[in-house]
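Here the structure is laid out as structure tokens; the discussion comes afterwards.
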Amino acid sequence: MLETIQQSVKHHDQYQIEIKLDYELHADQKTRYQIATYFFVPQSLGITPQTYPRQTFYQDVQSHIRLKTPSLNLREFADGARSPLRNIEAIVRKPGWLGDTAVHNQLITQMKLLSAMLKSALREHFMLIERRVEEVQATPHGKTHYLVHNLVDEFITESARVTQRYRSLLADFNLPHVPPAVFTAFLFTDESLSILIEESAVEMFQIVDEYLKKTNREDYKIALSELTLREAKYRKTRGFESILDPDGDNETYLYRASILKKYASSVLFLNTDVQPDGKYWEQLILSLAAGLAMVFATAVAFYFQLQFGNFTLPFFIALVIGYMFKDRIKEISRMMFAQRLENYLFDRRITIRTQDRQHRLGTLREKVRFIHEDDVPLSVLRARNRDHITEISNEGRGEYIICYTKEIELQIKNAEEILPGFPIITGVNDILRFDIRHFLKKMAEPVQERYLIQEGELVPLLCHKVYHVNLIARYKTMQPGINKENRHLRLILDQDGIRRLEKVPHV
């Protein structure tokens, strides 16, 4: 795996996959990456350049670019020097903070960071638990159980410390002259932290119930149950509406949880300005094509004028013919020039800036093309590794290949000045959601009936009809250094949407 690019792929919903790319940043150094994703689409799905133009592809792609969430361990939130919680406490201890607008904005930023960073820290904590559980399964007679117990204890202890410390600040914000925006941010973060702790406790309960030995299991389950009840009771006491109701549809809970998640992560999102790319080259191509056409028409007119003179029938016919061919020469020349430059031109240019649009952080260029198999890099074809059954399923006609290329250039200078109050920023996240509904239109019924003879009787069986769309991403670190890597993902689709994702190992 390239150290400078990391990828995660997951289901977003029934019709969308989410691809998250992490680009590493080097302090005051320009970094350039190129990602080419090849979609190998069965011809039976009817995805062609005519039925699926590039405008439709961009409608199916939703992209967000944001700063990578700064990393902290759970125990650092209460005691770490880089903790947003400690920054909030330090700000409210300073005299005169109530009258400083800049300080108000810093407080809101730190509150959002607290929620976003705690969510990231809990995710990393659970990933570590999963690794320890795998070690337990691999070494059943080892002492790894102690490490898992330690991580569960740390979650229970540290989550309580964070919420207690944060909620103790209520007296500092529940004052007459605290700006409404600041107090609202305090309440939103309070509710967000409570939901986050409760959902994490439920996930931890599942891990404890499934993996821990019976000796300690019940004690942990009781502690985690009490934690979830305590958080739910706290939100109810404070008047927050995000309460799970066993007898209700819990619409309000999901809505508020989603909004609060977006509210916290909004501090990390960057401003993007999307513009067509290569528009100056396009005008130059049109000018050259028009010039060539004019040269032909003028040359024909001059020749016949010289041979037959003005105001003659041959000269008149020559002018008409010159005009007829001029438009065709112009269009053919434009197409030829455009095809020659297509490999170098991009469809769109996205300028990445800070939220206040004051500082430029980089550019992202992207393009999408249907390409022939001969234009696919050999390493990508090897990664595709098609077998005979794939060729048969495509009736020997191969697959349509869509190439989606992104080239990103990043540089952050003086990060402390342009991102005040932020911990160290180590990277940028590019989050892409791809909608596959256009791929479903030509599919057959998802469930078909077949028969099996068993003991002299026909037994009906239900068979699932699926289609495979292979995605191969080719990552290239262009600056600093040049590294390449291919990663293979297979989408298993049916008429109802995404059935599952499969990561295909290297052969």
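A short reminder: the numbers here are calculations on the coordinates, not readings from a lab. Worth saying up front: this structure is predicted, and the values here are computed from it rather than measured. Heads up, the Cβs are rebuilt from the backbone with ideal geometry, glycines too, and the neighbour counts pull from every protein chain shown.
Exposure proxy shown here: for L21, L244, L288, L458, the number of other Cβ atoms within 10 Å sets the order, fewest to most, as L458, L288, L244, L21.
What percent does the relative contact order of the chain come to when contacts are Cα pairs within less than 8 Å and at least six residues apart? Mind showing how you got there, number by number?
Numbers: 749 pairs, mean separation 150.8, N = 507.
So the answer I get is 30 percent.
Taking each DSSP H run with n ≥ 4 as -39500 (n - 2.57) and averaging over every residue of the chain yields -15500 deg cm²/dmol at 222 nm. Note on the range 151-287: Cα Rg divided by 2.2 N^0.38 Å, N the number of residues, gives 1.55. In terms of surrounding Cβ atoms within a 10 Å radius of their Cβ, F269, F39, F370 rank from fewest to most as F269, F370, F39.
Packing, as the average of other Cβ atoms within 10 Å across residues, places the peptides 59-70, 315-326 in the order 59-70, 315-326, highest first.
In units of the compact-protein estimate 2.2 N^0.38 Å, the chain shows a Cα radius of gyration of 1.29. Long hydrophobic helices in the chain, taken as whole DSSP H segments with a C-alpha length of 27 Å or more on their own axis and mean Kyte-Doolittle hydropathy at least 1.0: 279-308.
Expressed per residue, the C-alpha convex hull volume of the range 76-262 stands at 128 Å³. So what is the diffusion coefficient of the range 94-136 in µm² per second by Stokes-Einstein at 20 °C and 1.002 mPa s, using a Kirkwood Rh over Cα pairs? In µm²/s, the coefficient is 167. So which of K10/K476; K442/K484; K326/K441; K119/K233; K213/K465; K68/K503 end up more than 31 Å apart by C-alpha? Too far apart for the 31 Å limit: K442/K484; K326/K441; K213/K465.
Going by average Cβ density within 10 Å per residue, which order do the peptides 438-446, 41-49 take, highest to lowest?
Highest mean packing first, the order is 41-49, 438-446.
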